[in-house]
1. Determine the relative contact order of segment 109-175: mean sequence separation of Cα pairs under 8 Å and six or more apart, normalised by residue count, in whole percent.
2. Going Cα to Cα from residue 233, which aspartates and glutamates come in below 13 Å? Please leave out same-chain ones fewer than 8 positions away.
3. Give me the percent of accessible area attributable to carbon and sulfur for segment 1-138, probe 1.4 angstrom.
4. So, in Å, what gap is there between the alpha-carbon centers of segment 142-204 and segment 29-82?
5. With each label point set 7 Å from Cα along the Cα-Cβ vector, what nm distance links residue 18 and residue 116?
6. What percent of all Cα-Cα pairs in segment 7-268 falls in each 5 Å bin, counting up from 0?
7. So for each of 216-226, 5-15 I average, over its residues, the number of other beta carbons within 10 Å; can you give me the resulting order with the highest mean first?
8. Going by average Cβ neighbours within 10 Å, how do the peptides 138-148, 171-181, 255-265 rank, with the highest at the top?
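The values are calculated or read from the model by the stated rules, or taken from the named source; none is laboratory data. This is a predicted model, so every value here is computed, not measured. Cβ sites come from the backbone with ideal geometry, for glycine too, and all protein chains shown count toward neighbours. Each accessible area value is taken on the protein alone, full model and side chains, heavy atoms only, with ligands, DNA and RNA left out. Shrake-Rupley method; radii C 1.70, N 1.55, O 1.52, S 1.80 Å.
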Amino acid sequence: MMTPLIITAAVDGAETMREHNPNVPYTPEEIAQEAVRCREAGASMVHVHGREDDGTPTQARDVFEQILNKIRERSDILVQFSTGGAVWMSVEERIEALDLRPDMATLTTGTVNFGEDVFMNSLPMIRQIAERLQEFDITPEIEIFDTGMVDTAMRLVKEGLLEEPLHFDFVLGVPGGMGGRPENLEFLVDMIPEGSTWSVAGIGRHELPLAYKAIDMGGHVRVGLEDNIFVEKGVLAKGSWELVEKVVEYAEEQGREIATPEVAKEILGVG
Ligand code: KMH
Ligand code: ZN
């Protein structure tokens, strides 16, 4: 019997704009509504970035406070803050909302080319984020865009900045990062220490095929408009909830149980 499936909905991100898909939420109210819909569809966690009302990415504490409060007022879905923000942001900006103590927050353990840009995460920056996560007792989701980032995560374990068991999210298919081929996922899963948990976030057309593969392999899944705007070739998703529905449908066909937020907390050691 496989572990119940944790589905994380990445509802907004920093790069997907309404010009790409008109259903991407911007305001805290819209983000909270989308989180509720994703929970109803079967997600147990929501991964959020802040946005100004016009869609400009922000990591401002007051924006995250509104998002967190609005979600918690109406849903038991676990809330994961991005500490990645957008490529131009300083590390201080990226971590300014963590004292709000979300259930989880991301930690990318290396620098990666990100399309035409660079998503910068030097070792001192990674340590600064990890220290803040420890200070507020927030469970990290270690974001892996390439293999060396797993090694760096293990280095942080040695330094006492991360504690096993670890939870990894393999982000595959970013132009400049590790590609979305299924064998890449197998390779990464083999690399991580026994007892770790993992999920996959396939980018663009890789999203659903990798999600289905992860379900077969006993891993967990992240889907949503941050990573992919289409529900099928040429058809825009009506929201991240529609991508969550696709994943639930596949999991049910395979007889894989879906985790509630309570169960997800236990699996991930949150709280
Ligand atoms: N927006 C990307 C540059 C995260 O959320 O932690 C970084 C990102 C990762 O989305
Ligand atoms: Zn993100």
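1. Across segment 109-175, relative contact order equals 37 percent.
2. Hits, sequence-local ones excluded: 207.
3. 45 percent
4. Value for the Cα centre distance between the two parts: 24 Å.
5. So the label points at residue 18 and residue 116 sit 2.3 nm apart.
6. In whole percents, the pair-distance histogram is 1, 6, 14, 19, 22, 19, 12, 5, 1, 0.
7. 5-15, 216-226
8. Highest-to-lowest ranking by the protection proxy: 138-148, 171-181, 255-265.
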